[in-house]
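Enquirer: Please see the structure below; I have some questions.
The values are calculated or read from the model by the stated rules, or taken from the named source; none is laboratory data. The shown structure was predicted, so the numbers you read here are calculated from the model rather than taken from an experiment. Here Cβ is always computed from backbone atoms with ideal geometry, including for glycine, and neighbour counts include all displayed protein chains.
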Amino acid sequence: MNYFKTAILLLTLTILLVWIGGLVGGQHGALVAFIFAMVLNFVSFWYSDKIVLAMYKAEELPEKEYPEVYSIVRNLAEVANMPVPKIYVAPKEVPNAFATGRSPEKGVVCLTRGILKLLSHEELRGVIAHEMAHIKNRDTLIMTVAAALASAVMMLAYMARWAAMFGGLGGRDSRDRSGGAIGLFAVAILAPLAATLIQLAISRSREYAADRHGAQFARSGQGLANALRKLHNAASHYRLGATPQTAHLFIVNPLSGEFLTGLFMTHPPVEKRIEILQSL
C-alpha cells in the first residue's frame, strides 16, 4: 500500500512541476519541468534517506561507544523478525528520533545526542522499537520521500518568489513579463500549500500503529509512554532546528509550540498516544 501511495506522490509532483513549467515558460518550460521532475522523482525514491540524514548531519553511531544501544536494536530485530537497521546519531541536544530507508533491508534509526542522554534503558528501548515498527511497516518509504518532495517544492516556491520580484519590474512595455510575474507569484503562494498537502497525505494513524507494534516488540508500552512524555516536554521548550517539511519524520513533533503546528498537525496528540500505550 505504501508503494502505491509513494507512486501517487511522485505522479502528483510531476503534474505540479509540469504545470508550473508551462505557466512560467510555455511549452518549452513544461518540457524542461518534466525532465526535472523525472530526475527529482528518481533521486527522491532512491536517495531520499541519504538526503534527510545529510540534512541533520547524522553519522553512524559508533558501536564501541554505545554497545547498549546496539544490543537493544539487535534484540528488537530478533523479536520483530526483521533485518537489523543501521543506527545513526544526529548532533542535536534536543531529544528526538526518526527512522528512514526505502525498505526494511535499508532501514536506519536516527537518534539525537539529546535522546541518548535523557532516556533510561527502558524508555530508549521503547523509542527504538517504535522507529523499527515504522521500518517494518514500510512507513519510512513514503515518509522520507514525502519529506524530500516537500523540501523540493518549497525550494521551487522560493525560486518563483525571487523570479516574480525581478520579473515584475519590466515596466509598461513588458505585458508578457508582467503576466509571467503574476503567474510566478501564484506559484510562490500555491507551492507551499502543495508541500503541505504532500505531508498531509501521510496519515497520522501511522503513529498509533507504530506505537502499538513498538510496544509489542518491546513487550511493554510503559517505556515508550514515559519517553513520549519526556520528549514532548523537551520539544515544547527547546527547538530542534527541524524544517516543517521533515517534521512528520520525528517520533514527536519537533515544531511543538510553534504557530505552524496549530494549523497543520503532523502527529496525533501525545496525551492520547500515552493513554493508549498505558492501556495495552
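Enquirer: Considering only residues of the range 210-245 that are surrounded by fewer than 16 Cβ atoms within 10 Å (Cβ to Cβ) and small (Gly, Ala, Ser), which is modelled with the lowest pLDDT?
Expert: GLY241
Enquirer: Checking the structure you have, find out if any residue of the range 63-81 is charged (D, E, K, R) and surrounded by 17 or more Cβ atoms within 10 Å (Cβ to Cβ).
Expert: Looking through the range 63-81, none of the residues is charged (D, E, K, R) and surrounded by 17 or more Cβ atoms within 10 Å (Cβ to Cβ).
Enquirer: Of the residues that sit in the range 44-77 and are outside any helix (DSSP H, G or I) and hydrophobic (A, V, I, L, M, F, W, C), which one is farthest from the chain's Cα centre (by Cα)?
Expert: LEU61
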